[in-house]
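S.K.: What follows is a single structure, and I will ask about it in a moment.
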Amino acid sequence: MKKAVVIIPTYNEKDNIDLTVSQVFDVFAQIKNWEMHILIVDDTSPDKTYEIVKKLQKNKKYASKLHLLINKQKAGLGGAYLKGMAKAFDDLKADVVFEFDADLSHDPTKIPLFLDRIDLGDEMVLGSRYIPGGGIPEDWGFHRKILSIIGNLVIRTILTDFSIHDWTGGYRAITKKVYNAVYPEMNLEKFAGYTFQIGFLHKAKQKGFKITEIPYKFKDRTYGKSKIGPEYIKNALSYIIKMKIKIILNHRIFKFLMVGGVGTLIQLITLQLFRAMVPEFDWLFITGFILATFLSIEVAILSNFILNNIWTFADRKITLAQAPLKFLQFNITSAGSILIQLIIATIGEKFFGLFKLLTIPIISYNFDTGTLYVIIGILLGLFWNFFAYNAFIWKKKKKK
Ligand SMILES: Nc1nc2c(ncn2[C@@H]2O[C@H](COP(=O)(O)OP(=O)(O)O)[C@@H](O)[C@H]2O)c(=O)[nH]1
Ligand SMILES: [Mg+2]
């Protein structure tokens, strides 16, 4: 039979823990296809919560199904969960762990529903207050309601991930698979506090695990105090923003644009150099100016080719043997982009004249229809380049 361990972190929960344990065990009695345990992680609470747990452990009703882990030092909510998960999975050989509060904010009668989802193949199940059937207490102050609702909206918006409605809830079931993948990345210093909840979920999501939500109604605690403070909002927000910046910096399109920008700079600088170096001549259609322009474009193309290969498409790197042919192709696609810009400019010229088209944006900075054609040309050129790189030059290798 598979085993599930409900981890309950406690800090000064002497008035709650007794009732919580007994209510959770009542629910355990109805679960037939899972072996159910509780693990309490107490950070040596000043109110001696752990003493109560030790007494409960002597109760025959709970037999060997109630475990206690005592930390000498207060390690925050994340610290308690990380230590608790390590014990549950490694020592108690759990297949699934639950995150569960000691203050009965989480309705224990939902535990079997979490297990049903896991039985159906979900890898992480979230209790959610913000889907139909879920909710927060009516009597929460305006402040707290707004904070929780807006908080979740901000997280969803910044991470641009709307598939999850409750990022901050603390009622969850996590399979060993998810734990094995995420745990090594959860460093205790960064995730000691409540940011643990957001961080753990975000990493699980990034790794592509199957995550679902089931609704529950959050109930306010009757005894004791919430340990959540303003620190939490600051830490959580700074975590999400850092995460988002990391995601953008790692994005292929961002790298592609940076490389293109560097290429343009290189072209402008080398154009000046070549113009100074190449003597004036006029041979058929080719002048010194045209040759210098051509050389500077070629240097920029070479720079784009190399930088895109080692950075933007590092995961699809071209080998040295393929390089000559690929570089030739790269030149053709680059010519394609220049062609697109010329075509757009020609269309523009029909209406405005090429001279006006090229000089107005540069000399007068007036935004007119001519400028618009230049911008459209550049955007289409970029679009073509990115498409061609993906489709031809750095084609995704087919998995066998
Ligand atoms: N072991 C441990 N448990 C903690 C710590 N901080 C909070 N908890 C427990 O984590 C659960 C959630 O905390 P709570 O203050 O109720 O947060 P809230 O429900 O968001 O207001 C409760 O069971 C707390 O006793 C901590 O530093 N160490
Ligand atoms: Mg609580």
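The values are calculated or read from the model by the stated rules, or taken from the named source; none is laboratory data. Keep in mind the model is a prediction, meaning the values are calculated, not measured. A quick note on method: Cβ atoms are made from the backbone with ideal geometry, for glycine too, and the neighbour counts reach across all protein chains shown. Just the protein is used for accessible areas: all its heavy atoms, side chains included, with ligands, DNA and RNA removed. Shrake-Rupley method; radii C 1.70, N 1.55, O 1.52, S 1.80 Å.
S.K.: So what's the back-of-envelope 222 nm ellipticity for the chain, counting only DSSP H runs of four-plus at -39500 (n - 2.57) apiece and dividing by all residues, rounded to 500?
M.R.: -16500 deg cm²/dmol, from helical runs alone.
S.K.: Leaving out ligands and nucleic acids, note down the accessible area per residue over the chain with a 1.4 angstrom probe, in whole Å².
M.R.: Spelled out: the 1.4 Å probe surface of the chain, per residue, equals 56 Å².
S.K.: Give a residue-ordered list of calculated ³J(HN,Hα) values for segment 93-110 (Karplus: 6.51 cos²θ - 1.76 cosθ + 1.60, θ = phi - 60°; whole Hz; x for Gly, Pro).
M.R.: Listing the rounded values in order: 6, 6, 9, 9, 10, 10, 9, 8, 7, 7, 9, 6, 5, 9, 5, x, 5, 7 Hz.
S.K.: Which net charge results for the neighbourhood of H251, defined as the other residues with beta-carbon distances under 14 angstrom from its beta-carbon, given Lys and Arg at +1 and Asp and Glu at -1?
M.R.: Once positives and negatives cancel, what remains is +3.
S.K.: What is the dipole size for segment 18-111, taken about its Cα centre, with +1 at each Lys and Arg Cβ and -1 at each Asp and Glu Cβ, in debye to the nearest 20?
M.R.: Magnitude of the dipole: close to 420 debye.
S.K.: Quick one: which residues, 5 or more positions from L68 or on another chain, have an amide H under 5 Å from its amide H? H modelled 1.01 Å from N in the peptide plane, none for Pro or chain starts.
M.R.: I40
S.K.: While we're looking at this one, here's another question. How about segment 140-229: which chymotrypsin sites (Phe, Trp or Tyr not before Pro) there lie in a loop by DSSP and see at most 11 other Cβ atoms within 10 Å?
M.R.: F162
S.K.: Within 10 Å of each candidate Cβ there may be at most 16 other Cβ atoms; applying that plus a DSSP loop requirement, which trypsin sites (Lys or Arg not before Pro) in segment 28-57 survive?
M.R.: Sparse-neighbourhood loop trypsin sites (Lys or Arg not before Pro): K32, K48.
S.K.: Then there is this: Among the lysines, which have Cα under 23 Å from the Cα of K234 when same-chain residues fewer than 8 positions away are ignored?
M.R.: K234 reaches K74, K145, K190, K203, K205, K225, K242, K244, K246.
S.K.: Considering only DSSP states other than H, G, I, E and B, which GluC sites (Glu not before Pro) in segment 48-149 qualify as loop sites with at most 16 other Cβ atoms within 10 Å?
M.R.: Answer in residue order: E138.
S.K.: If each of L68 and S226 carries a label point 7 Å out from its Cα toward its Cβ, how far apart are those two points in nm?
M.R.: 2.9 nm
S.K.: May I pose another question? Using θ = phi - 60° and the Karplus curve 6.51 cos²θ - 1.76 cosθ + 1.60, what whole-Hz ³J(HN,Hα) does each residue of segment 280-286 get, with Gly and Pro shown as x?
M.R.: Per residue, the Karplus-derived 3J(HN,Hα) values read 5, 8, 9, 10, 6, 8, 8 Hz.
S.K.: Can you give me the relative contact order of the chain as a percent, contacts being Cα pairs under 8 Å and 6 or more apart?
M.R.: Dividing the mean separation by the residue count of the chain yields 14 percent.
S.K.: If you don't mind, another one. In whole percent, and with a 1.4 Å probe on the protein chains, what portion of the accessible area of the chain is carbon and sulfur?
M.R.: 66 percent
S.K.: On to the next question. Quantify how much of the Cα-Cα distance distribution of the chain extends past 26 Å, in percent.
M.R.: When every Cα pair of the chain is considered, 65 percent fall beyond 26 Å.
S.K.: In the Gaussian network model of the chain, springs joining C-alpha atoms below 10 Å, which of I52, I146, I347 carries the largest mean-square fluctuation?
M.R.: Judging by the Gaussian network model, the answer is I347.
S.K.: Another question, if that's okay. Roughly how large, in nm² to one decimal, is the mean projection of the convex hull of the alpha-carbon atoms in segment 211-268?
M.R.: Over all viewing directions, segment 211-268 projects a mean Cα-hull area of 7.5 nm².
S.K.: What ³J(HN,Hα) values, in whole Hz, does the Karplus curve 6.51 cos²θ - 1.76 cosθ + 1.60 give for segment 71-77 when θ = phi - 60°, with x put for Gly and Pro?
M.R.: For segment 71-77, the Karplus-derived couplings read 8, 5, 10, 5, 10, x, 4 Hz, x marking Gly and Pro.
S.K.: Only Cα pairs under 8 Å and at least 6 apart count here; give the relative contact order of segment 188-334 as a rounded whole percent.
M.R.: 19 percent
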